[in-house]
Amino acid sequence: MKQMFTVLVALASFSTPVLAQSSSTAPQLNITTEAALNMAHYAVGLAENRHLKLCIAIEDTDGNLVAFTRMQGAYAGCVEASIAKAKSAARFARNTIEFFDAAREQNLPIGFVPGILPSAGGAVFRQGDVVVGSIGTSGDTNENEQALVVDAAKHFH
């Protein structure tokens with residue numbers, strides 16, 4: 001019995017590191033809560049300087065909301081749109097303007113594909129070449145929203 005207990009303890013002490021370093025999984029970089037809050041704050045500053053009233057969503061690479069703000073005066077209907085834009089950018093690792101342009105120029109019905117929002121106002125954050133999160137905005141013109149998310153994404157480091 002003592003020998004079996006020793007074996008179980010030995011297995012338990014080795015199993016955690018082995019599982020954590022499994023070659024079948026790869027670590028995924030993700031935006032931290034602190035970085036997401038900083039990016040939301042930065043985006044609000046950009047919006048205020050441009051006299052915009054927006055909803056701003058920051059999401060991780062899986063498209064999960066990490067930070068959100070609805071600026072004073074932003075339309076309530078823009079809450080879900082900003083989140084959907086950030087989610088679409090994150091899950092497909094590309095700026096939503098690419099979907100928007102493809103839908104317009106090639107008359108592609110990609111708006112019916114679950115998770116894709118063909119609209120301006122969603123951009124990814126990159127660490128090097130790796131997508132680590134995204135931003136989505138809603139509440140103003142396509143041009144103003146797109147300019148803001150591109151400028152915010154450039155600020156990410």
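Per-atom-type breakdown for region 39-157 gives carbon and sulfur 52% of the accessible area (1.4 Å probe, protein chains only).
Each other residue within a Cβ distance under 14 Å of Ile56 adds +1 if Lys or Arg and -1 if Asp or Glu, for a net charge of -1. The residues of region 109-157 expose on average 46 square angstrom of accessible surface per residue, using a 1.4 Å probe on protein heavy atoms. Label separation (Val44 vs Val150): 2.6 nm, computed from points 7 Å beyond Cα along the C-beta direction. The modelled label-to-label distance between Leu65 and Gln106, using points 7 Å beyond Cα along the C-beta direction, is 3.2 nm. Among residues other than Asn144 with Cβ under 12 Å from its Cβ, the summed charge is -2 (Lys and Arg +1, Asp and Glu -1).
The values are calculated or read from the model by the stated rules, or taken from the named source; none is laboratory data. Keep in mind that this is a model prediction, so the values were computed, not measured. Neighbour counts are summed over all protein chains in view; Cβ atoms, including those assigned to glycine, are modelled from backbone coordinates with ideal geometry. Just so you know, the surface numbers come from the protein's heavy atoms only, side chains and all, with ligands and any DNA or RNA stripped out. Shrake-Rupley method; radii C 1.70, N 1.55, O 1.52, S 1.80 Å.
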